[in-house]
Ligand SMILES: [Zn+2]
């Protein structure tokens, strides 16, 4: 059983402009580190393109059409101060969705043990009809819905260790007991949501905010006490990871002090849970991570851990 790595060159054509932290080099450094021989066994595939049916399970038709219409033929358009479309953005965005759904297909069919999708822009801030925080379509949410609609998954857990709270994913699943959304994130920090008392209509939202300066031991304790027991009790058929690496100590957008070993640790713990209730099925989707060295090394630790399962 293999670990699948999905990406697409259109990720390089989403041009957010000079100085923007969410930039093509993020994918470039991940591609470079995966060239190392340690990743020889990684099964690489191109993310397929537009899957409107999959997007429609999360985002309304008018919103999809508005985004496609907003993409400029030249220059750049600001959807908000941080969220930008360039001529290449639409293809990048739909290949991000395609990567997420293709990963779900392979993992749910048992053709891959688990998968990591590295595309941009990220997705977890995107609400049903609102682009936000670099995000346009919510790839993790679309992956969860796709697993339910196409592969009969009854319960999907989305675990989000990006340093920012996934307000979009929380909004999308607020009233849906079939999806557990569980997040660690720095607070206070953008986008401002994610307090412990935000629990969803069916107690299906779990927020574990961390204070600025928190290190790996505090992160692990929050995972051990607040998040992992809830994921275990939920008995998901699939775990989707919103894999942001901006809680790394080097990251310029936040102030947590995680290191690569912390990302490897949480990956191992989630794999243990997935083995017990979900046949090991994990689909991990890149979210943030803005220090290129911290991002590349953290993604490498995460994926090497995922590949460890593929040997058993
Ligand atoms: Zn983030």
Scan the stretch 262-281 and tell me whether some residue there is outside any strand (DSSP E or B) and within 13 Å of the ligand (Cβ to nearest atom). no
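To keep it simple, each residue is scored yes or no on (1) in a strand (DSSP E or B); (2) closer than 29 Å to residue 279 by Cβ.
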residue: 10; (1), (2): no, no
residue: 18; (1), (2): no, no
residue: 35; (1), (2): no, no
residue: 44; (1), (2): yes, yes
residue: 50; (1), (2): no, no
residue: 53; (1), (2): no, yes
residue: 58; (1), (2): no, yes
residue: 68; (1), (2): no, no
residue: 72; (1), (2): no, no
Just the residues that are surrounded by fewer than 19 Cβ atoms within 10 Å (Cβ to Cβ) and touching a helix residue (DSSP H, G or I) at 6+ places or on another chain (Cβ under 6 Å), please, taken from the stretch 168-204. 191
Of the residues in the stretch 125-159, those that are more than 21 Å from residue 22 (Cα to Cα) and touching a strand residue (DSSP E or B) at 6+ places or on another chain (Cβ under 9 Å) number 12
Please go through the stretch 285-299 and give me each residue that is in a helix (DSSP H, G or I), crowded, with 24+ Cβ neighbours inside 10 Å and more than 12 Å from the ligand (Cβ to nearest atom), ordered by number. 298, 299
Between a residue in the stretch 1-26 that is more than 28 Å from residue 41 (Cα to Cα) and any residue that is at pLDDT below 95, which pairs come within a Cβ distance under 8 Å, given they are 6 or more apart or on different chains? none
Right, residue 249: within 15 Å of the ligand (Cβ to nearest atom), touching a residue at least 12 places away in the same chain (Cβ under 8 Å), surrounded by fewer than 21 Cβ atoms within 10 Å (Cβ to Cβ) and over 28 Å from residue 97 (Cα atoms) or not? yes
Note on the stretch 72-87: residues in contact with a helix residue (DSSP H, G or I) (Cβ under 8 Å, 6 or more places away or on another chain) and surrounded by fewer than 17 Cβ atoms within 10 Å (Cβ to Cβ) are 77, 87
Scan the stretch 124-156 for residues that are crowded, with 23+ Cβ neighbours inside 10 Å and either in contact with a helix residue (DSSP H, G or I) (Cβ under 7 Å, 6 or more places away or on another chain) or farther than 10 Å from residue 179 by Cβ (or both) and report the count. 18
Given the conditions (1) farther than 30 Å from residue 28 by Cα; (2) assigned to a helix (DSSP H, G or I); (3) in contact with a helix residue (DSSP H, G or I) (Cβ under 8 Å, 6 or more places away or on another chain), report the number of the one that residue 221 does not fulfil. (3)
Does the stretch 99-154 hold any residues that are assigned to a loop (DSSP other than H, G, I, E, B), within 16 Å of the ligand (Cβ to nearest atom) and over 22 Å from residue 46 (Cβ atoms), and which are they? 124, 125, 126, 131, 133, 134
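The values are calculated or read from the model by the stated rules, or taken from the named source; none is laboratory data. These numbers come from a predicted model, not from an experiment. Reconstructed Cβ throughout: ideal geometry from the backbone, glycine too, with neighbour counts over all protein chains shown.
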